[in-house]
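What follows is a single structure, written as structure tokens, with notes after it.
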Amino acid sequence: QVQLVESGGGLVQPGGSLRLSCAVSGSIRSVSAMAWYRQAPGKERDLVARITSGGSTNYADSVKGRFTISRDNAKSSVYLQMNSLKPEDTAVYYCNLVLEPLFGRQQQYWGQGTQVTISS
């Protein structure tokens with residue numbers, strides 16, 4: 001059974017930095033991509049950053065130049081370095097794992113989330 005556990009969230013002042021980690025455990029077939037999403041109260045869960053198995057990345061416009069996603073394949077972990085944080089970055093951040101399709105069906109997993117709060 002695959003499990004994703006996020007860590008590294010917390011309270012930081014505007015302009016500060018945080019590094020989120022996502023540890024993956026369990027047996028998986030193959031990885032298509034891993035990503036970070038975030039959800040603020042009353043809002044939809046939105047993509048923040050994504051990294052494919054080949055190393056390609058993409059970011060939401062709101063975080064470009066400030067956030068960096070990376071992956072450690074040996075440890076089956078994904079990270080999100082967040083710099084120059086703003087109050088609007090406050091949200092619960094979720095780790096997402098997408099596996100290669102099997103029999104035409106996409107399979108994905110979610111972590112339970114970690115709270116990030118930016119406030120002075």
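The values are calculated or read from the model by the stated rules, or taken from the named source; none is laboratory data. Treat the numbers as computed from the prediction; the structure is a model and nothing was measured. Virtual Cβ from ideal backbone geometry, glycine too; neighbours counted across all protein chains shown. Please note that ligands, DNA and RNA were not included when accessible areas were found on the heavy atoms of the full protein model with its side chains. Shrake-Rupley method; radii C 1.70, N 1.55, O 1.52, S 1.80 Å.
Return a yes/no flag: does region 21-34 have any residue that is out of contact with any Cys (no Cβ under 9 Å at 6 or more places or on another chain), at pLDDT 95 or above, open to solvent by 50 Å² or more (accessible area, probe 1.4 Å) and of a type in the set (A, V, I, L, M).
Checked against the condition, which is being out of contact with any Cys (no Cβ under 9 Å at 6 or more places or on another chain), at pLDDT 95 or above, open to solvent by 50 Å² or more (accessible area, probe 1.4 Å) and of a type in the set (A, V, I, L, M), region 21-34 yields no hits at all.
Can you tell me which residue among Leu11, Leu4 is in contact (Cβ under 8 Å) with a residue 60 or more places away in the chain and either closer than 15 Å to Thr117 by Cβ or open to solvent by 50 Å² or more (accessible area, probe 1.4 Å) (or both)? Reasoning before the result, please.
Working: Leu4 fails: either closer than 15 Å to Thr117 by Cβ or open to solvent by 50 Å² or more (accessible area, probe 1.4 Å) (or both).
One residue alone meets the criteria, Leu11.
Counting only residues that are among the polar types (S, T, N, Q) and part of a loop (DSSP other than H, G, I, E, B), which one in region 105-120 is most open to solvent (accessible area, probe 1.4 Å)? Give the derivation first.
Step one: of region 105-120, the residues among the polar types (S, T, N, Q) are 106-108, 112, 114-115, 117, 119-120.
Right, trim to part of a loop (DSSP other than H, G, I, E, B) and you get 106-107, 112, 119-120.
Numbers: Gln106: 132, Gln107: 73, Gln112: 170, Ser119: 57, Ser120: 128 Å².
Of everything passing the filter in region 105-120, Gln112 is most open to solvent (accessible area, probe 1.4 Å).
Every residue in region 61-75 that is part of a strand (DSSP E or B), open to solvent by 50 Å² or more (accessible area, probe 1.4 Å) and modelled with pLDDT of 95 or more, please.
At the first step, the residues of region 61-75 found to be part of a strand (DSSP E or B) are 67-72.
Add one more test, that the residue is open to solvent by 50 Å² or more (accessible area, probe 1.4 Å), and what stays is 68, 71.
Result: Thr68, single match.
For region 76-103, what are the residues that are of a type in the set (Phe, Trp, Tyr) and part of a strand (DSSP E or B)? Quick ask: steps written out before the conclusion?
Applying the first criterion (of a type in the set (Phe, Trp, Tyr)) to region 76-103 yields 79, 93-94, 103.
Once the filter is applied, which keeps residues that are of a type in the set (Phe, Trp, Tyr) and part of a strand (DSSP E or B), region 76-103 yields Tyr79, Tyr93, Tyr94.
Among the residues of region 39-57, are any touching a residue at least 60 places away in the same chain (Cβ under 8 Å) and buried (at least 18 other Cβ atoms within 10 Å of the Cβ)?
No, because not a single residue in region 39-57 is touching a residue at least 60 places away in the same chain (Cβ under 8 Å) and buried (at least 18 other Cβ atoms within 10 Å of the Cβ).
Taking Val98 as meeting all but one of (1) open to solvent by less than 10 Å² (accessible area, probe 1.4 Å); (2) under 21 Å from Leu4 (Cβ atoms), write down the number of the exception.
(1)
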